[in-house]
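Data block below; observations after.
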Amino acid sequence: MEDFTKMTGSIQVEIIPHRLLGADSTERILNALAESEGIVRMAIHGPNLPYAVPYGPAKGMPVNHPERREITVGGITFELKICLGRILLELEGEDALEKVKEACDRMMPCKFSVKRGKFLREKMTTSDYAKYGIIRDKRILGLTDPRSNEIYELGSK
Amino acid sequence: MAEYKTQYYPGVGKVAENRRNFMNPEYELEKQREVSDEDVALILGHRAPGEAYKSVHPPLEEMEEPDCAIRELVEPTEGAKAGDRIRYAQFTDSVYFAPSTPYVRAWMMHNRYRGIDTGTLSGRWIVEARERDVEKIASDLLKTEVYDPALSSMRGATVHGHSLRLLENGLMFDMLSRTELGEDGNVYYVKNQIGEPLDKKISVGKPLPEEVRKEKTTSHRVDGYKMRDDEELLKFVQRIHKLRAMAAYQLKIEE
């Protein structure tokens with residue numbers, strides 16, 4: 001399988017805010033990034049905000065975390081289930097990186113770091129195969145949460 | 001012969017001094033906030049406020065105890081006298097200059113309280129004792145300089161957050177959202193330590209300012225007071241490390 005970034009000449013960056021961000025800030029930042037040109041793929045990471053208490057004496061009780069709510073990014077509404085800890089981006093090139101930095105400077109409520117590197121995987125894992133079957137669309141690789149039990153129709157399965 | 005003076009912790013730096021203060025039972029911890037006994041019972045969640053303490057044996061006065069020199073020598077705690085159940089309290093401290101750390105809390109317990117069993121994990125600290133003793137300990141810890149409302153938290157389960165970045169509002173991350181920052185700047189408990197919602201919000205006061213945190217902290221950090229800056233402490237730790245390594249390999253080398 002050929003390296004996706006080599007194929008397209010794209011670069012990958014990781015944006016790490018120095019605080020964990022809530023739903024309001026996340027929505028603002030992601031919308032600013034969505035408007036910025038040159039982003040090929042985007043993924044967000046962070047600590048989970050569970051719907052119910054996962055273990056302990058209060059197991060099963062609803063958490064009702066104020067930061068777990070629906071947000072709208074680029075016209076798509078989805079439920080944010082994490083506190084935003086880092087944003088992974090694949091960009092078309094250096095020009096796009098400057099635009100992303102500008103958007104972050106404008107929208108980020110705290111300090112942040114930007115790292116260049118390789119953050120999204122290129123090859124399917126055994127878990128991917130077990131969950132989704134063969135994934136034809138290479139852009140999806142690395143964007144799925146390997147620990148999630150939610151079922152998406154991404155592959156041949 | 002000179003009188004023996006307890007040496008609680010080595011070092012000449014301010015972190016070592018703060019640790020010594022917490023461990024020394026003669027040092028009176030500075031009281032910083034008011035939390036009522038009723039509120040402490042609500043946060044602990046073991047009994048409803050005003051409810052009688054459940055017991056596992058009759059009061060000691062009513063029990064015919066065997067003749068024993070040790071029993072006469074050691075005065076039982078209030079909870080043991082009444083025959084209370086064993087209950088627990090658990091705290092989590094953030095790595096971002098929280099006033100206390102789990103290990104310091106455990107050392108502190110051994111020096112300041114009796115009739116307790118304490119345990120430390122990476123980011124949390126638990127104490128088990130008779131119910132009314134636990135309430136007294138938790139109350140002391142919540143009210144004094146050992147506690148920062150933003151960076152310390154009572155968490156009976158799902159404790160993680162101690163090593164994570166802080167939230168935007170400066171509170172330690174809690175996936176069960178047990179505490180919240182009110183509009184008046186005070187931190188409120190909205191759930192008890194295991195994550196059950198409370199009927200009322202319990203205020204534990206305002207977070208400490210950044211400069212006070214750095215002055216009062218008991219953790220060494222590279223961006224604060226570094227451990228390597230305290231030569232005496234460093235030498236002591238190296239000595240312990242060396243002796244432990246020697247003993248473990250049973251290398252009969254004299255120091």
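Given DSSP loops and a limit of at most 14 other Cβ atoms within 10 Å, what is the longest stretch of chain A that contains no such GluC sites (Glu not before Pro)?
Within chain A, the longest run free of exposed GluC sites (Glu not before Pro) spans A:38-149.
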For B:Thr144, enumerate residues with amide H under 5 Å from its amide H, sequence gap 5+ or separate chain, H modeled in the peptide plane. B:Gln32
Need the list of lysines near B:Lys216 for cross-linking: C-alpha distance under 19 angstrom, and skip anything on the same chain fewer than eight residues off. B:Lys14, B:Lys31, B:Lys143, B:Lys206, B:Lys226
Lysine pairs in chain A with Cα atoms under 17 Å, if 8 or more residues apart or on separate chains: 11
For the protein assembly as shown, the Cα gyration tensor yields equivalent-ellipsoid semi-axes (√(5λ), largest first, whole Å) of 47, 28, 22
Taking a cut-off of 16 Å between Cα atoms, list the aspartates and glutamates near B:Lys54, but don't count ones fewer than 8 places away on the same chain. B:Glu78, B:Asp84, B:Glu128, B:Glu131, B:Asp133, B:Glu135
Choice from B:Leu141, B:Leu233, B:Leu44 showing the highest fluctuation, given a GNM over chain B with Cα pairs closer than 10 Å: B:Leu233
How much FRET efficiency would the formula 1/(1 + (r/R0)^6) give for B:Asp140 and A:Lys138, where r is the Cβ-Cβ distance and R0 is 60 Å, rounded to 0.05? 0.50
When the accessible area of chain A is split by element with a 1.4 Å probe, what percent falls to carbon and sulfur? 50 percent
In terms of the Cα gyration tensor, with a ≥ b ≥ c the square roots of its eigenvalues, is chain A rounded because a/c is under 1.5, prolate because a/b exceeds b/c, or oblate? oblate
Cα convex hull of chain B: mean projected area in nm², to one decimal? 18.5 nm²
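The values are calculated or read from the model by the stated rules, or taken from the named source; none is laboratory data. On a predicted model such as this, the values are computed, not experimentally measured, just so you know. For neighbour counting, all protein chains shown are included, and Cβ atoms are generated from backbone atoms with ideal geometry for every residue, glycine included. Side chains included, ligands, DNA and RNA excluded: accessible areas come from the protein's heavy atoms. Shrake-Rupley method; radii C 1.70, N 1.55, O 1.52, S 1.80 Å.
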